[in-house]
């Protein structure tokens, strides 16, 4: 019996490669999301510390220039926080998009794998039929030989 050969084997390997690339892209997007969230958390901690420092400075007599420096720094932190929040949101969207792509790639690979499994099942059925045919021919040959010998 000839070996099983799946005609779409190259397509299956290609789809597996696409799925692997999509999984790697998802992992990179998740890392970017985590990094953005961590940077935003660090900045929020820094903003809280700066607010505390400003309250402490206001508790004492403060020059206008020092107050202006504190408020400008706080405004800069707030602007940076807005940028990081936007980056985190974009990273979250990227994760969702890449997750969707991964699911699509996985489904595409599974379709070809199911075709391969059906082809393998048909091949096994054909092999079993061919084997049974060989056994039947051997049995018929033995029967005919014995029938000739008994005549």
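Okay, here's what the table says:
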quantity: Mean Cβ count within 10 Å, highest first, over the residues of peptides 112-119, 15-22; calculated: 15-22, 112-119
quantity: Among (1) 43, 12, 12; (2) 33, 18, 11; (3) 78, 12, 8, the entry that matches semi-axes √(5λ) of the Cα gyration tensor in Å as calculated here; calculated: (3)
quantity: The chain, relative contact order [Cα under 8 Å, separation at least 6], %; calculated: 45 percent
quantity: Alpha-carbon spread of the stretch 71-121, three principal axes, descending order, Å; calculated: 74, 9, 6
quantity: Projected label distance in nm at residue 5 and residue 28, using a 7 Å step from Cα toward the beta-carbon; calculated: 3.8 nm
quantity: Fully extended contour minus Cα-Cα distance, from residue 114 to residue 97, at 0.36 nm per residue; calculated: 3.5 nm
quantity: Residue 61-residue 131 pseudo-label distance in nm [points 7 Å out on the Cα-to-Cβ vector]; calculated: 10.2 nm
quantity: Where labels lie 7 Å past Cα in the beta-carbon direction, separation of residue 85 and residue 71 in nm; calculated: 2.1 nm
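Read the figures in this text as sums done on the coordinates, not as results from a lab. Note that the structure is predicted; figures quoted are calculated from it, not measured. Neighbour counts are summed over all protein chains in view; Cβ atoms, including those assigned to glycine, are modelled from backbone coordinates with ideal geometry.
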